[in-house]
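Worksheet: one structure, shown below.
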Amino acid sequence: MKTLQAFRFALDPSPRVERALASHVGARRFAFNWGLALVQERLEARRRGEDVEVPWTLPALRREWNRAKEAVAPWWRENSKEAYSSGLAGLAEALQNWSDSRKGRRRGRRMGFPRFRKKGRGRESVSFTTGAIRVDDPSHVVLPRIGRVRTHEPTTALRSRIEAGTARILRATVSREGGRWYVSFTCEVERVPQTPRRPHAVVGVDAGIQHLAVLSTGEMIENPRPLQNALNQIARLNRELARRQPGSRGWEETRRRLARAHARVANIRRDAWHKLTTRLAKTFGTVVVETLNVEGLKRNRRLARAIADAALGNLRRQLRYKCPWSGSRVVEADPFYPSSKRCSRCGAVKDTLPLWARTFGCEVCSLILDRDENAAGNLAALAAAVAGSGPET
Ligand SMILES: [Zn+2]
């Protein structure tokens, strides 16, 4: 069975390598911004009634770039061509998302018109699909134009698969997050289909607010303690940033530390989810996960940070790719399935259940249960119903 899998490693680049990485990321940003300016200019011309073509797709943007690059970026040869392609591909995708969103063809948050990218803001990245992309030894990778880069963590997990002929690198993406460089290899991986330990067992997972998750077995998975510590640090740095003069050296320093803290939170969260989803996929034949509307919940400010933490989207995505590896199945509950407001014993549904209520009390059958445990029980029941109606796709 062939599947796609990403392997991500933190990097420890030398100053020379770091300059090359920054240059590539900068080249990507340059191409993105250049393309966006061109699109705006053409849209403007069209509004004036001129008959011009607006380069909306990647091939159209590439054609325009190849025509213009000698004039607008005579230094373009300093970076891999893929840096510019990567920027134009990002722009084409952002333009597509915007028009899909406007026509109501895209789920989730409304996407605005793409905006110019600023240096050092957000996640900056660049992708390579051709040229020398290798995992050289347990502590070095090779990237096109950049050369050998030392890794901060061992690459063994990927290297051993490549040597055994069970993994092939399709793409390498380098990114800078919170002042640290990472490389992520997207690979085609050959897997031996497996069977979960309890193929007939069903588990419901409720992405919790006060816990990382609650299982229908009653098990609660705590939020990792370092996560809470990092969150407290973010709150403190935010207050510090507000006191500083925008643009000053102190402000810049606080902003850098804030970005590092955010990157740390994301990493802790990712690790915690990975541990949980691997265990679930290997153990249970069916995993039911609630498709909470994360975007909708973000409007509730009190919940916003907690939900962002729990990152339900991450849970779903990880289960979607891990369950097939281990021969288990994921069932995603309907977002309107009243898993928290429904009694898991008698099925009575409450009109409302305030968010602060941690216990579920049923007026019909007088069941009293932890709120999350009740919800998880409902999800397992839902899975059993779905299982009876044939496999999910
Ligand atoms: Zn009841």
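The values are calculated or read from the model by the stated rules, or taken from the named source; none is laboratory data. Values in this document were obtained by computation on a predicted structure and should not be read as measured data. Neighbour counts are summed over all protein chains in view; Cβ atoms, including those assigned to glycine, are modelled from backbone coordinates with ideal geometry. Just the protein is used for accessible areas: all its heavy atoms, side chains included, with ligands, DNA and RNA removed. Shrake-Rupley method; radii C 1.70, N 1.55, O 1.52, S 1.80 Å.
Assorted remarks:
- Cβ pairs under 6 Å, 6+ apart, first in the stretch 259-280 and assigned to a helix (DSSP H, G or I), second among the acidic types (D, E): A263/E177
- R145 fulfils the conditions (1) open to solvent by 20 Å² or more (accessible area, probe 1.4 Å); (2) in contact with a Ser or Thr (Cβ under 9 Å, 6 or more places away or on another chain); (3) part of a strand (DSSP E or B) except for a single criterion, (3).
- Complete set of residues in the stretch 330-347 that are of a type outside the set (A, V, I, L, M), away from the ligand (no atom under 16 Å from the Cβ) and open to solvent by less than 50 Å² (accessible area, probe 1.4 Å): Y337
- Selection within the stretch 161-176 - in contact with a Ser or Thr (Cβ under 9 Å, 6 or more places away or on another chain) and open to solvent by 50 Å² or more (accessible area, probe 1.4 Å): L170, R171, R176
- Against the conditions (1) closer than 25 Å to E41 by Cβ; (2) without any contact (Cβ under 8 Å) to a residue 24 or more places away in the chain; (3) open to solvent by 50 Å² or more (accessible area, probe 1.4 Å), D100 satisfies every one except (3).
- Scanning the stretch 111-168 for residues that are among the aliphatic types (A, V, I, L, M) and over 27 Å from A89 (Cβ atoms) yields a count of 2.
- In the stretch 194-216, the residues that are assigned to a loop (DSSP other than H, G, I, E, B) and touching a helix residue (DSSP H, G or I) at 6+ places or on another chain (Cβ under 8 Å): Q194, P196, R197, G208, I209, Q210, H211, L212, S216
- Search result, residues across the stretch 348-380 that are within 13 Å of the ligand (Cβ to nearest atom) and buried (at least 22 other Cβ atoms within 10 Å of the Cβ): F360, N374, G377, N378
- Residue within the stretch 149-161 that is outside any helix (DSSP H, G or I) and of a type in the set (K, R) present: yes
- Screening T130, T155 for residues that are surrounded by 15 or more Cβ atoms within 10 Å (Cβ to Cβ) and either modelled with pLDDT of 95 or more or not assigned by TED's automatic domain parsing to the domain that holds G313 (or both) leaves exactly one candidate, T155.
- Scan the stretch 117-162 for residues that are out of contact with any Phe, Trp or Tyr (no Cβ under 7 Å at 6 or more places or on another chain), touching a residue at least 12 places away in the same chain (Cβ under 8 Å) and hydroxyl-bearing (S, T, Y) and the total you get is 6.
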